[in-house]
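As structure tokens, the structure follows; a few thoughts come after it.
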Amino acid sequence: MSRKGTEIPIYVTTENDVALWEEGGSTGKSGFAVIVANSNGTKKKPVLIKETGNLSNGKHALLKVGTSDIVALANYVSHNEAFLITLYRISKIDRDSKTAVLSEFLKIQKENVSNEAFMEQYFEVVEAAKRKSSTVYCKSPTYIAD
């Protein structure tokens, strides 16, 4: 991660809202996930749920975001059940360049992620990242509000 933070692309909706996609899944050998949550770790209501096209390990739910919201990036390797999950806060949104700057605040790297390894407030976010990144050919959202 650079000193300025990690930049990721954002999506600007037709209503001019800033949004990120919940996306990911596993091929069976490895996987990834992007989970988006409110600043307190709770689920966000989707703007759009993708239901057609190639859904396998792709984009599943579009969620409005703002500064301080949480983004969990996860990587999974099946042969040893290893996860690398990094939690970020959105620290800046640049509509002109269509990017969000993320500030890392928690990294979890071990074979078995236990409840003691991270703040209880973000337990559900981390579990969702684990679940999505290890779901073979994931085709639906994992962490969204009804």
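The values are calculated or read from the model by the stated rules, or taken from the named source; none is laboratory data. Just so we're clear, the structure is a prediction, and the values are computed from it rather than from any experiment. Heads up, the Cβs are rebuilt from the backbone with ideal geometry, glycines too, and the neighbour counts pull from every protein chain shown.
Filtered by the rule that a residue be part of a strand (DSSP E or B) and farther than 18 Å from V36 by Cα, segment 76-93 gives V77, A82. The set of residues in segment 46-56 being outside any strand (DSSP E or B) and either touching a Lys or Arg at 6+ places or on another chain (Cβ under 8 Å) or among the hydroxyl-bearing types (S, T, Y) (or both) consists of K50, T52, L55, S56.
Scanning segment 23-39 for residues that are in a loop (DSSP other than H, G, I, E, B) and within 15 Å of Y88 (Cβ to Cβ) turns up N38, S39. Checked against the criteria, S140 counts as hydroxyl-bearing (S, T, Y), under 14 Å from the mean Cα position of the chain (by Cα), assigned to a loop (DSSP other than H, G, I, E, B) and closer than 26 Å to V18 by Cβ. For the structure I just gave you, tell me whether T42 is of a type in the set (S, T, Y) and not in a strand (DSSP E or B). It is true that T42 is of a type in the set (S, T, Y) and not in a strand (DSSP E or B). Contact map, segment 84-107: first residue at positive phi, second residue assigned to a strand (DSSP E or B) and of a type outside the set (S, T, N, Q), Cβ cut-off under 9 Å, separation 6 or more or different chains; pairs are K98/P9; K98/Y11; K98/V12; K98/V18. What are the residues in segment 59-75 that are of a type in the set (G, A, S) and in contact (Cβ under 8 Å) with a residue 40 or more places away in the chain, if any? Within segment 59-75, A61, G66, A72, A74 meet the criteria. The residue of segment 50-93 that is farthest from L20 (Cα to Cα), among those that are modelled with pLDDT under 95 and among the acidic types (D, E), is E81. Within segment 9-34, the residues that satisfy the criterion of being under 19 Å from L73 (Cα atoms), in contact with a Leu (Cβ under 8 Å, 6 or more places away or on another chain) and β-branched (V, I, T) are I10, V34.
Yes or no, residue by residue, for (1) in contact with a Pro (Cβ under 7 Å, 6 or more places away or on another chain); (2) under 30 Å from E15 (Cβ atoms); (3) among the polar types (S, T, N, Q):
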| residue | (1), (2), (3) |
| --- | --- |
| I35 | no, yes, no |
| T67 | no, yes, yes |
| K98 | yes, yes, no |
| Q109 | no, no, yes |
| V125 | no, yes, no |
| K132 | no, yes, no |
| S140 | no, yes, yes |
| Y143 | no, yes, no |
